[in-house]
Amino acid sequence: MFFNKKKREDKKRLAAEIRQSKDKATGLAQEFEAKRQELAQNQGPLSKELKGTQSTPTGLLAGLKKGLAKTRSIFSGSILALASGELVDNEFLEELEERLLSADLGVATSLKVIDHLKGQLKLGQIKTQAEAITSLKALVAGILDLGDPHLPLAQSGPTVYLFVGVNGVGKTTSIGKLAAQLKGQGKKVLVAAGDTFRAAAIEQLAHWCEKVGVDCLAKPQNSDPSAVLYEAAQKAQNEGYDVLLCDTSGRLHNKKNLMDELAKMERSLQKVLPEAPHAALLVLDANTGQNAIMQAKEFREVVALTGLVVTKLDGTAKGGVIIGIVNEFELPVYFIGVGERVEDLQPFVPHLFAESLLS
Amino acid sequence: MFDALTQKFNDAFKKLTNKGVLTQSNIQASLKEVKMALLEADVNYRVVGAFLRSVQKRALGKEVMGSLSPAQQFIKIVSDELTQMMGGSNHGLLRSPSSPTVVMMVGLQGSGKTTTAAKLARMLKKDGKKVLLASADIYRPAAIEQLKVLAKDLEIDCFDSNPQMTAEGIAQLAKEQASRGLFDYLILDTAGRLQIDEELMNELGHIKGLIDLTEILFVADAMTGQEAVNVASSFHEKLGITGFILTKMDGDARGGAALSIRAITGQPVKFIGVGEKSDQLEPFYPDRIASRILGMGDLVGLIEKAQQHINLADAKKMEQKLRQNDFTLTDFREQLHQIKKMGNIGDLMKMIPGVGAKMPAGQEVDTGQLSRVEAIIDSMTLAERENPGTINGSRKLRVAKGSGTDVSDVNRLLKNFAQMKKMMKKFSSMGGKKSMRAMQGMMGGPGGFGPFGGA
Ligand SMILES: Nc1nc2c(ncn2[C@@H]2O[C@H](COP(=O)(O)OP(=O)(O)OP(=O)(O)O)[C@@H](O)[C@H]2O)c(=O)[nH]1
Ligand SMILES: [Mg+2]
């Protein structure tokens, strides 16, 4: 199931990859640049406008470049540096498996990846360690690439994005960052303080809104969060906002009441804007291990998830668990968080992610 | 996912049941399943390796373990080793010889430091201690505000910091205030930071140099994956942590990070966070988390929790009934009151070996639902309550009408009751309070329902 869907595509991709992967260090930069241009061209209007902010020196592009430099420098000490023209042997596969496990891919996904390589080995499609690594990365990037990841936009009226996730993953911060980007594109942005539970959550969000200069709709602590979202949707509609970003309280996915509350919040948005939310984004912390699978599964049960945001990738965690999640639930990753500053939200680039996995 | 895990784990043990003695070759399959289980639980793979080696060594040693079958021996060794690795008995907070005792909370972003600081303060206050809270998180928007709000709710003093101050300055001034005010404890919250952020790590180092810290508690999210070892060891190297706290244990993560952090730092887990409310901090018991990581449930925890809340005489009576297997809906209704007092049923169920892993998420039962269950039982005749099997379609309709619920609700209750009875029967056959006896039960003592139940 895991690979069948993409098998043919993968094979083609792999063949090409193997041929052109002589100089990976510069290749990476080229690939990245190509990908970025491709993204800029192919994405929906929103992403196109995102590109606008990229060109400002302190904007997204600078951040991306920094991210890339970092990826590259970690990369030099990676398994790829060790991998050579030597033939793939068991020891090598074992080491590879350990790398995958330690990148949080989980047992099942790691085994599938290794089995895939073994299959290729048998067919003579790969021979050397370098080829195996290239193939692995192409496989991972292929799984993560679900086509053009552009955030959906409303046909008319305000576009609504709902952020959900367990406690402390980075929902509020990601909203702050995205609000800044959207505002940079000249959008009129409203943010709804849907976390009425956690102490000072409203202040935290209000602080972000003030900082990036967007409007924030909040009601007092302990108000019904559905009411907050309802009012925000009305305000967004009546006052001609382009985008409404909805924050929600962190909640563990095994708490039925809280998950029901989330479903209710989604419905209350729909009372005003039937198509809302146009994207429901599950925020995942890259430090999270296998439990992230459960999170995706359970949040998907209560809201119509459209994609993921993976935060804290500026740390040392690889976030490999998302490979299984993207594959199983077909949820694209829209953004990654790479720090706590406004500019630390970047578009997700499957190839880069695959590269950094083995570092 | 966890279902499969428990199943695999149980299978591995089953494979051993028919073998004579533990040998290098016949334990390999079981070791492999243990390995998988631990990896799925997010235990770091290097830690898993070390663990398996020690299990293997003991399994092949000439240890005499009474009348245990080889399979029982193996599961006991795995469980013992894991418990031992988790750090023996539970450790409380250290106390400095001269007040105030200063406790600093450190960790990655979003791990739960602020909430946990407030929980610790509340716990100490309840213990009659005078506590000062202080936030040195000058970075995250409204972080200081968050701690102040929590402190106010709990009626605990909070140092009046602001983001214009430095973290070091806050630590020092708060310490002075705590000394002057004759506080027993100062709990210092700090900003979340990456272990690779040198500047911010140095900030913590400075604080450590400035004031005497009795406890430096590393706060870790129970959901953390493989990186837990690197993060914890960096914090430990740079600061010398004295213990750690595992948060969000009310989730369904197995918490393998606990084992990793413990193994890598050698420092004990001191508390676990089990909810967002300020009273949801619990002492840590190694044997419980060992069984959770292995997917064997927390039997000891369940029993203790039950003992805390259930009237002993009533419990005796109930136990009697359970033993004789004549626990009826009438008794169930009576017990609902007790159960309500014990807290979330889902949490309790998760502590039962073999159930925890099989509990679908969202099995939480709210008190409103309990009241509905009571209403349903109230609408049954006495005979029906004693013998629920007689409740047929038309009776169900009547009961549903009488209780203002749907037939599906009645069905669900009856089904759950039947399940519960089955479970309780097994539970009762284990009888004892002591972990050893519980352990024996788990290992398939008479009527046990552990991995060998019915095998
Ligand atoms: N290093 C790093 N920290 C991040 C990133 N995203 C968020 N954080 C930090 O993580 C912590 C938690 O972030 P929040 O945005 O408050 O998370 P949340 O999901 O809204 O949390 P709750 O509302 O409490 O559930 C904060 O300290 C953020 O600054 C990231 O990409 N990298
Ligand atoms: Mg938040």
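Within region A:153-170, the residues that satisfy the criterion of being within 16 Å of ligand 2 (Cβ to nearest atom) and either part of a strand (DSSP E or B) or among the hydroxyl-bearing types (Ser, Thr, Tyr) (or both) are A:Tyr161, A:Leu162, A:Phe163, A:Val164.
Can you pull out the residues in region A:178-198 that are open to solvent by 10 Å² or more (accessible area, probe 1.4 Å) and of a type in the set (A, V, I, L, M)? The one that is open to solvent by 10 Å² or more (accessible area, probe 1.4 Å) and of a type in the set (A, V, I, L, M): A:Ala180. Residues in region A:193-209 that are part of a helix (DSSP H, G or I) and more than 10 Å from ligand 1 (Cβ to nearest atom): 5 in all. Which condition does A:Val212 not pass, out of (1) within 16 Å of ligand 1 (Cβ to nearest atom); (2) buried (at least 23 other Cβ atoms within 10 Å of the Cβ); (3) β-branched (Val, Ile, Thr), if it passes all the others? If we test A:Val212 against (1) within 16 Å of ligand 1 (Cβ to nearest atom); (2) buried (at least 23 other Cβ atoms within 10 Å of the Cβ); (3) β-branched (Val, Ile, Thr), just (2) comes out false.
May I ask you to verify whether B:Asp153 is of a type in the set (Asp, Glu), modelled with pLDDT of 95 or more, open to solvent by 20 Å² or more (accessible area, probe 1.4 Å) and farther than 30 Å from A:Gly165 by Cβ? Here the answer is no, as B:Asp153 does not meet what is asked. For region A:215-233, filtered to residues that are hydroxyl-bearing (Ser, Thr, Tyr) and touching a Lys or Arg at 6+ places or on another chain (Cβ under 8 Å), the residue that is farthest from ligand 1 (Cβ to nearest atom) is A:Tyr230.
Every condition in (1) open to solvent by 30 Å² or more (accessible area, probe 1.4 Å); (2) touching a Lys or Arg at 6+ places or on another chain (Cβ under 7 Å); (3) within 16 Å of ligand 2 (Cβ to nearest atom) is met by A:His351 except one, and the failing one is (3). Close contacts from region B:269-284, counting a first residue that is open to solvent by 10 Å² or more (accessible area, probe 1.4 Å) and a second that is basic (Lys, Arg), with Cβ to Cβ under 6 Å and a gap of 6+ residues or different chains, come to B:Ser278/B:Lys119; B:Ser278/B:Arg122; B:Leu281/B:Lys119.
Scanning region A:178-192 for residues that are within 14 Å of ligand 1 (Cβ to nearest atom) and more than 21 Å from the chain's Cα centre (by Cα) gives a single hit, A:Ala192. Close Cβ contacts (under 9 Å, 6 or more residues apart or on different chains) running from residues in region B:139-150 that are not assigned by TED's automatic domain parsing to the domain that holds B:Thr190 to residues that are within 15 Å of ligand 2 (Cβ to nearest atom) are absent. Residues in region A:150-177 that are open to solvent by 10 Å² or more (accessible area, probe 1.4 Å), of a type in the set (S, T, N, Q) and near ligand 1 (Cβ under 10 Å from one of its atoms): A:Asn167, A:Thr172, A:Thr173. Taking the criterion of being within 12 Å of chain A (Cβ to nearest Cβ), of a type outside the set (S, T, N, Q), surrounded by fewer than 22 Cβ atoms within 10 Å (Cβ to Cβ) and over 25 Å from the mean Cα position of the chain (by Cα), would at least one residue in region B:171-190 satisfy it? Checked region B:171-190: no residue is within 12 Å of chain A (Cβ to nearest Cβ), of a type outside the set (S, T, N, Q), surrounded by fewer than 22 Cβ atoms within 10 Å (Cβ to Cβ) and over 25 Å from the mean Cα position of the chain (by Cα).
Sort out which residues of region B:96-115 are in a loop (DSSP other than H, G, I, E, B) and away from ligand 2 (no atom under 15 Å from the Cβ), and write them in order of number. Listed by number, the residues that qualify are B:Ser96, B:Pro97, B:Ser98, B:Ser99, B:Pro100, B:Gly107, B:Leu108. Can you find a residue that is within 14 Å of ligand 1 (Cβ to nearest atom), open to solvent by 20 Å² or more (accessible area, probe 1.4 Å), of a type outside the set (Phe, Trp, Tyr) and modelled with pLDDT under 95 anywhere in region A:255-263? Yes, region A:255-263 has at least one match. For region A:271-287, a tally of residues being under 25 Å from the mean Cα position of the chain (by Cα) and free of Cβ contacts under 8 Å to residues at least 60 places away in the same chain returns 2. Does A:Leu190 qualify as being among the hydrophobic types (A, V, I, L, M, F, W, C), touching a strand residue (DSSP E or B) at 6+ places or on another chain (Cβ under 8 Å), away from ligand 2 (no atom under 16 Å from the Cβ) and more than 21 Å from A:Gly320 (Cβ to Cβ)? The answer is yes for A:Leu190.
Here A:Ser356 meets each of (1) under 30 Å from B:Ala191 (Cα atoms); (2) of a type in the set (Ser, Thr, Tyr); (3) in the same structural domain as A:Lys177 (by TED's automatic domain parsing) with one exception, condition (3). The set of residues in region B:160-186 being among the hydrophobic types (A, V, I, L, M, F, W, C) and over 19 Å from B:Glu203 (Cα atoms) consists of B:Ala178, B:Leu182, B:Phe183. Pick from region B:245-268 the residues that are open to solvent by less than 20 Å² (accessible area, probe 1.4 Å) and small (Gly, Ala, Ser): which of them is farthest from the other protein chains (Cβ to nearest Cβ)? Ranking the qualifying residues of region B:245-268, first place goes to B:Ala258. Of the helices (runs of 4 or more DSSP H) lying entirely inside region B:371-455, those containing at least 3 residues that are open to solvent by 80 Å² or more (accessible area, probe 1.4 Å) and modelled with pLDDT under 80 span B:407-430, B:435-442. When A:Thr173 is tested against (1) in contact with a Leu (Cβ under 9 Å, 6 or more places away or on another chain); (2) more than 11 Å from chain B (Cβ to nearest Cβ); (3) within 16 Å of ligand 2 (Cβ to nearest atom); (4) assigned to a helix (DSSP H, G or I), just one condition goes unmet, and that condition is (2).
Name the residues in region A:298-340 that are hydroxyl-bearing (Ser, Thr, Tyr), at the interface with chain B (Cβ under 10 Å from one of its Cβ atoms) and open to solvent by 20 Å² or more (accessible area, probe 1.4 Å), would you?
Initially, region A:298-340 is screened for residues hydroxyl-bearing (Ser, Thr, Tyr), giving A:306, A:311, A:316, A:334.
Now narrow it down to the ones that are at the interface with chain B (Cβ under 10 Å from one of its Cβ atoms): A:311, A:316.
The answer is A:Thr316, and nothing else.
Exactly one residue out of B:Lys175, B:Lys119 is in a helix (DSSP H, G or I) and away from ligand 1 (no atom under 16 Å from the Cβ), and it is B:Lys175. Based on this model, can you work out whether B:Arg254 counts as at pLDDT below 95 and not assigned by TED's automatic domain parsing to the domain that holds B:Phe51? Considered against the rule, which asks whether it is at pLDDT below 95 and not assigned by TED's automatic domain parsing to the domain that holds B:Phe51, B:Arg254 comes out as yes. Restricting attention to region B:227-236, the residues that are open to solvent by 10 Å² or more (accessible area, probe 1.4 Å) and within 14 Å of chain A (Cβ to nearest Cβ) total 4.
For region B:153-170, how many residues are under 20 Å from B:Val102 (Cα atoms) and outside any loop (DSSP other than H, G, I, E, B)? Residues in region B:153-170 being under 20 Å from B:Val102 (Cα atoms) and outside any loop (DSSP other than H, G, I, E, B): 7 in total. Of the residues making up region A:113-133, those that are buried (at least 20 other Cβ atoms within 10 Å of the Cβ) and assigned to a helix (DSSP H, G or I) are A:Val113, A:Leu117, A:Gln120, A:Gln129, A:Ala130, A:Glu131, A:Ala132, A:Ile133.
Only one of the numbered conditions (1) open to solvent by 10 Å² or more (accessible area, probe 1.4 Å); (2) modelled with pLDDT under 95 is violated by B:Leu200, and that is (2).
The values are calculated or read from the model by the stated rules, or taken from the named source; none is laboratory data. Every value quoted in this text rests on a predicted model; they were computed, and no experiment measured them. For neighbour counting, all protein chains shown are included, and Cβ atoms are generated from backbone atoms with ideal geometry for every residue, glycine included. Each accessible area value is taken on the protein alone, full model and side chains, heavy atoms only, with ligands, DNA and RNA left out. Shrake-Rupley method; radii C 1.70, N 1.55, O 1.52, S 1.80 Å.
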